[in-house]
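This report concerns only the one structure given below.
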Amino acid sequence: VHFSGLRSLSLGLESQAFLLIIVGIGLGVGLATIQLAPTAELQRQSQRSEGVDEDFALNFSYEWPSLITQFNPMFYGNPGDGSYLIPGAYFETASYIGILPIILALITIGHYLLNRRQIGSSTAVRLIPFLGIVTLVAFAFAFGRHSPLFVFLFRHVPTFNLFQAPSRWLLLAEFSLSLLAAIGVSLWKFDRRTIAHARLGLVAALGVTILSVFLYVAAPDRPILKGLIVLGVLLVAVGIAFVTQPKMESARWRWWAMGVLVFVAADLLWANALSNPTVSPDFYQRRAGVTDQRTFTPTKELNAAEFDQFLSFKDYRVAVQRQKGYRAADFPNMNLLDRQPSFNTFEPLRPGGIERFTQLLDEHLAPNLFSAAAIPQADHPNPPRAWIAPTVIVSQNPIRAMTDPAWQPMTTVFLEGDAPTLAGTDAGTAKIDQETPLNIQITVNTPARAALVLADTWYPGWNATLDGGSTPIYRANAAFRAVIVPAGQHTVTMQYAPDSLRLGAIISGVCALILIGLLIVGIVWR
């Protein structure tokens, strides 16, 4: 955006440009704060707050042989039809933007390097070196464990050790390549030199295609030759597009341009046609007999062999062919299809308390831990989600004490912080009256001062009231929530209203107003 209002300042051109960059970055970050602030809060509270180990973080690194898939996404086959030849997750490394766009992006960079003094200094042209550098850096990061640069950053620069799957940096690379391709369209001119180069390229592409066909006929057991054939055909199509380009003033130019657009669309449709196998809508219906009780699947029951029965990296058809067994499997996140809560899932960021309790439960599988998390068991099918615990023990690290088989969570609760210590014996009652995802109301009745324990996640932003007055929420049993209640009958309400979201909304709103003001000033000034 060209802010004429800012450009009216008495500054040099370089100072104006620098100011615009600073303002642009600041406004961009400010507008996104409504999302960034809660995400930063979750990251600080999560199991990744101290970073992750190197093997886990560098998993799903881009492989050097995969560079060829930028020109033919199915060079090594496709798991959609079971023809995938190489290890790794196709869905993590597939980043094809189309054969013509990638060629245009490379031509744009090459054209700039060879002719940067002759092609002018328009805004689009000035973006070329920046986008080229972004592309190179993104690919260097995407290679992960195969990139000395990324390994160094992971080991020595904060925040790089917080995330998994370096190949996801490809998103930034493909975005930059797409912009370079768009700039290349504006530089795509009809001239004899372009046509001559296009003819040479077309001849080379035809040669590659014909040679690959002969090799495949001679050695049909080499499926990688299919990839070479398809690559040759795609390059031939690009060559034809360049060779047949008419002058813009020609009557044929509009038809030619439409044909190019159709080719790009068809290319992308073909590249992605196998990547999303489908099943009947019945697969997503809630199964009969499923309750609203929480579930928990121990890690030892989630071995790799069971996953490979349904979720093969090399053949997506397996899950479709075995969909009945897959639907019946108690894999984490499958509970979402049944609208059933699950204590352990595949969420990449989990609150640290829940993570520690999950590991404890997974290691011991003790009945008292199941009760503390309100997870049903065979001999205790309906554990309460909210209850009164008359005994309170204050401990900043209760994990070890919770492994004691004698611990009874229905009578004794471990609280963190400045909670009071209680030694009661008579438990009262707690009943959930109403709740929404952001609010829960509980009626309690207790003969003496005690703790109301709710087996829901402790997390910043939850606030509690006792009979309308504010009261603190304590972290209970390492992961859950508790409120101290006096003797008698009371109403406790917990509401989720995080300061991070409120602060982010204010900052984003102010930045939006500044942006609108700058746009108005620019329009009026111009």
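The values are calculated or read from the model by the stated rules, or taken from the named source; none is laboratory data. Everything numeric in this text was worked out from a predicted model, so none of it was measured. Cβ atoms come from the backbone with ideal geometry, glycine included; neighbour counts cover every protein chain shown. SASA here: full protein model, heavy atoms, side chains in, ligands and nucleic acids out. Shrake-Rupley method; radii C 1.70, N 1.55, O 1.52, S 1.80 Å.
Of everything in the stretch 452-485 that is among the hydroxyl-bearing types (S, T, Y) and touching a residue at least 40 places away in the same chain (Cβ under 8 Å), the residue that is most open to solvent (accessible area, probe 1.4 Å) is T457.
If you filter the stretch 137-158 down to residues that are open to solvent by 70 Å² or more (accessible area, probe 1.4 Å) and under 22 Å from the mean Cα position of the chain (by Cα), you find that the one that is modelled with the highest pLDDT is R145. If you go through the stretch 374-405 and keep only what is within 17 Å of E416 (Cβ to Cβ) and either in a strand (DSSP E or B) or hydrophobic (A, V, I, L, M, F, W, C) (or both), you end up with A389, T391, V392, I393, V394, I399, A401, M402. Each residue in the stretch 60-76 was checked for being under 23 Å from L136 (Cβ atoms) and part of a loop (DSSP other than H, G, I, E, B), and 8 of them qualify. The set of residues in the stretch 18-54 being over 19 Å from the mean Cα position of the chain (by Cα), open to solvent by 50 Å² or more (accessible area, probe 1.4 Å) and more than 23 Å from L153 (Cβ to Cβ) consists of F18, L19, I21, I22, L31. Closer than 24 Å to K314 by Cα, surrounded by 17 or more Cβ atoms within 10 Å (Cβ to Cβ) and of a type in the set (G, A, S), is that true of A271? Taking the combined requirement at face value, the residue satisfies it. The residues of the stretch 418-433 that are under 14 Å from I388 (Cβ atoms), open to solvent by less than 60 Å² (accessible area, probe 1.4 Å) and out of contact with any Ser or Thr (no Cβ under 7 Å at 6 or more places or on another chain), listed by number, are A430, I432. Which condition number does R287 fail, the rest of (1) open to solvent by less than 70 Å² (accessible area, probe 1.4 Å); (2) in contact (Cβ under 8 Å) with a residue 24 or more places away in the chain being met? With (1) open to solvent by less than 70 Å² (accessible area, probe 1.4 Å); (2) in contact (Cβ under 8 Å) with a residue 24 or more places away in the chain applied to R287, the lone miss is (1).
Name the single residue that is nearest to the chain's Cα centre (by Cα) among those in the stretch 486-505 being surrounded by 15 or more Cβ atoms within 10 Å (Cβ to Cβ) and closer than 21 Å to I388 by Cβ. The selected residue is M494. Checked against (1) in a helix (DSSP H, G or I); (2) crowded, with 17+ Cβ neighbours inside 10 Å, N344 passes all but a single condition, namely (1).
Residues are listed down the side, and each one gets a yes or a no for (1) over 30 Å from D315 (Cα atoms); (2) of a type outside the set (A, V, I, L, M, F, W, C); (3) in contact with a His (Cβ under 9 Å, 6 or more places away or on another chain):
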| site | (1), (2), (3) |
| --- | --- |
| P38 | yes, yes, no |
| L42 | yes, no, no |
| D53 | no, yes, no |
| E63 | no, yes, yes |
| L67 | no, no, no |
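When the test is whether a residue is touching a strand residue (DSSP E or B) at 6+ places or on another chain (Cβ under 9 Å) and modelled with pLDDT under 95, A476 does not pass it. Of the numbered criteria (1) surrounded by 15 or more Cβ atoms within 10 Å (Cβ to Cβ); (2) in contact with a strand residue (DSSP E or B) (Cβ under 7 Å, 6 or more places away or on another chain); (3) more than 24 Å from P498 (Cα to Cα), the one L415 fails is (3).
One residue stands out in the stretch 215-246 among those that are exposed (fewer than 11 other Cβ atoms within 10 Å of the Cβ) and not aliphatic (A, V, I, L, M): the one that is modelled with the lowest pLDDT, namely D221. Residues satisfying the criterion are absent from the stretch 167-182 (criterion: open to solvent by less than 50 Å² (accessible area, probe 1.4 Å) and without any contact (Cβ under 8 Å) to a residue 24 or more places away in the chain).
Exactly one residue among Y84, Y76 is modelled with pLDDT of 90 or more and closer than 25 Å to T135 by Cβ, and that residue is Y76.
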